[in-house]
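Q: Can you read through this structure? Questions will come right after.
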Amino acid sequence: MKPTRLCAVFMVIGLLCAAGCVTTTGKNTKNSSSATTESRFTVTPTGTPPLQGSLVVSTRGFSYPANLTVFLDNTTAGTVNPTTPLYLMVSEGNHTIGVCADFVCEQETVTIRFGKYVTADFSERLDKDVVIKQPTAQVLDCNKNGDHLSVDIEFINPSKKDLQFSGVVSSVYSYIDDRTGSKKGEAARSTFVQNVNAGQRFTKELSLNLVQANSLSYSYPVIEELRVT
């Protein structure tokens, strides 16, 4: 082969190699640019915690034998008593705050703002509306049925511990003696023992025995010798 032809062959091979290198380099450059572009997208948090304000719930002027449950938007938030108020951090906005005692619940709507103190005192309302503040028993109703007097007794335990109630229920009655025609007086009595769970009410029916006689009249039953342990 002549030197001129040999040089031409080498020049063609050189150009082909150069073209291949350029093509490969361009492909790699494109992928690198795409990777760089994708790395620019980042995830950032969009939510922020709500602002809060201070709420103080108190019952400083209300004497009660147990802690009172506090509700915030119908959810239990804690307890309060005359000497210890309840301190809460509440999100901004309108909220319903309530305190319950002796099955009586008082409610109030409060508006919470960041950096401000709001006080909700339920002393006066509770003192006015809560009649029974100590464990007790009371006669609800009575009905005469032949020579028996049925008596419904309600036991109330507003305290935070289970209690036992015991005592005597009695009724004084009078009647006309069939043999002598004279008026006589008697007293009917019945004892009771009843356990009542903390913060609960319970109604029990008792029966008092009366004599069978004409013109019988009776007094409303009363509870004697009530003991709570």
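Each reported figure results from applying straightforward, stated rules to the coordinates on display, with no laboratory input. Since we're looking at a predicted model, the values are computed, not measured. Cβ: placed from backbone, ideal geometry, glycine included. Neighbour counts: every protein chain shown.
Q: Cα centroid distance between the stretch 77-135 and the stretch 175-210, in Å?
A: 42 Å
Q: Of S215, F192, S174, which is farthest towards the positive pole of the stretch 136-228's charge dipole, taken about the Cα centre with +1 and -1 on the beta-carbons of Lys, Arg and Asp, Glu respectively?
A: Towards the positive end, the residue furthest out is F192.
Q: What net charge do the residues around S91 carry, taking every other residue with its C-beta under 11 Å from that of S91, with Lys and Arg at +1 and Asp and Glu at -1?
A: So the surrounding residues net to -1.
Q: Could you work out the relative contact order of the stretch 172-229, using alpha carbon pairs under 8 angstrom and six or more residues apart, expressed as a whole percent?
A: It comes to 45 percent, rounded to a whole number.
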